[in-house]
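Participant: Below is the structure I would like to discuss, written out as C-alpha cells.
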Amino acid sequence: VIPVGPETPLVNVLKASAALLRNRKSLLIFPEGERSLNGQLLPFKKGLGVLACELHIPIIPVKIEGSFQVWPPDAKTPQRHPISLTFGEGRTFTPSMIETWRTKGEDPYVAATQLIREAVASL
C-alpha cells in the first residue's frame with residue numbers, strides 16, 4: 001500500500017509506484033484521487049499518465065460499478081450492494097506516441113491520462 005493524501009508529494013508517490021512496477025508487481029491506482037459525490041466519473045490526476053509514459057507499462061482500464069451505492073458520501077459505514085468490475089484492453093504508450101504528442105505541443109502525461117479516462121468511461 002502506498003498511502004496518498006492531499007499533502008503527499010507526488011514525486012514520492014511516483015518513486016514508490018515505479019519501484020513496485022520495476023519489480024514486476026501489480027499496482028492498482030484510483031486515478032480520480034477522491035470519491036465521487038454523485039457517482040459520476042471524476043477527472044483523472046495526471047500521475048497515472050506520468051507512470052504510463054515514463055515506464056512504458058501496460059495500463060488496464062477497469063470500471064467499478066456499484067461502489068457509490070456501497071459507500072455513498074453521506075453514509076458513515078458501507079452498505080450491502082453488488083459491485084462489478086469490467087476490464088478493458090491493456091494499453092502501452094510508446095516512445096513514438098509520446099514524441100508525437102510533444103511535437104504537437106501537447107503534454108504527453110495529460111494526453112495519456114485523458115486516453116485512459118476515456119477508455120474507462122467507455123466500458
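Participant: Among all stretches of the chain without exposed trypsin sites (Lys or Arg not before Pro) (DSSP loop, at most 15 other Cβ atoms within 10 Å), which one is longest?
Facilitator: Between the exposed loop sites, the longest stretch runs 36-75.
Participant: While we're here: Can you list residues whose amide H is under 5 Å from residue 29's amide H, if they're 5+ apart or on another chain and H is modeled 1.01 Å from N?
Facilitator: Residues meeting the criterion, in which the H sits 1.01 Å from N, do not exist here.
Participant: In addition: Please report the net charge: other residues with Cβ closer than 12 Å to the Cβ of residue 50, K and R +1, D and E -1. Intermediate results must be reported in sequence, preceding the final value.
Facilitator: Details: positive: 15, 45, 46; negative: 54, 107.
For residues surrounding residue 50, the net value is +1.
Participant: While we're on this one: When Lys and Arg each count +1 and Asp and Glu each count -1, what net charge do the other residues less than 13 Å away from residue 83, Cβ to Cβ, add up to?
Facilitator: Result for the neighbourhood of residue 83: +1.
Participant: In whole Hz and in residue order, list the ³J(HN,Hα) couplings for region 109-119 that follow from phi through the Karplus curve 6.51 cos²θ - 1.76 cosθ + 1.60, θ = phi - 60°; x for Gly and Pro.
Facilitator: My calculation for region 109-119 gives 5, 5, 4, 5, 4, 5, 5, 5, 4, 4, 5 Hz in order.
Participant: Follow-up. Using the count of nearby Cβ atoms within 10 Å as a rough guide to exposure, how do 94, 113, 77 rank from fewest to most?
Facilitator: Ordered by Cβ neighbours within 10 Å, fewest first: 77, 94, 113.
Participant: Can you match Cα Rg over 2.2 N^0.38 Å to one of these, [x] 1.14; [y] 1.02; [z] 1.38, based on a calculation from the structure here?
Facilitator: For Cα Rg over 2.2 N^0.38 Å, the calculated option is [x].
Participant: Taking loop as defined by DSSP and a crowding limit of 10 other beta carbons within 10 Å, which GluC sites (Glu not before Pro) in region 1-79 fit?
Facilitator: Filter output for region 1-79: 7, 34.
Participant: A follow-up question, please. Convert each backbone phi in region 52-57 into a coupling constant with the Karplus relation 6.51 cos²θ - 1.76 cosθ + 1.60 (shift: θ = phi - 60°), then list the ³J(HN,Hα) values in order as whole Hz, x for Gly and Pro.
Facilitator: These are the phi-based 3J(HN,Hα) values: 4, 7, 6, 9, 6, 9 Hz.
Participant: What 222 nm value per residue comes from the helices of the chain, counting each DSSP H run with n ≥ 4 as -39,500 (n - 2.57) and dividing by all residues, nearest 500 deg cm²/dmol?
Facilitator: -11500 deg cm²/dmol
Throughout, read-outs are computed from the coordinates displayed, never taken from laboratory work. Because the structure is predicted, anything quoted here is derived from the model rather than measured. All Cβ positions, even for glycine, are placed from backbone atoms using ideal geometry, and neighbour counts span all protein chains on display.
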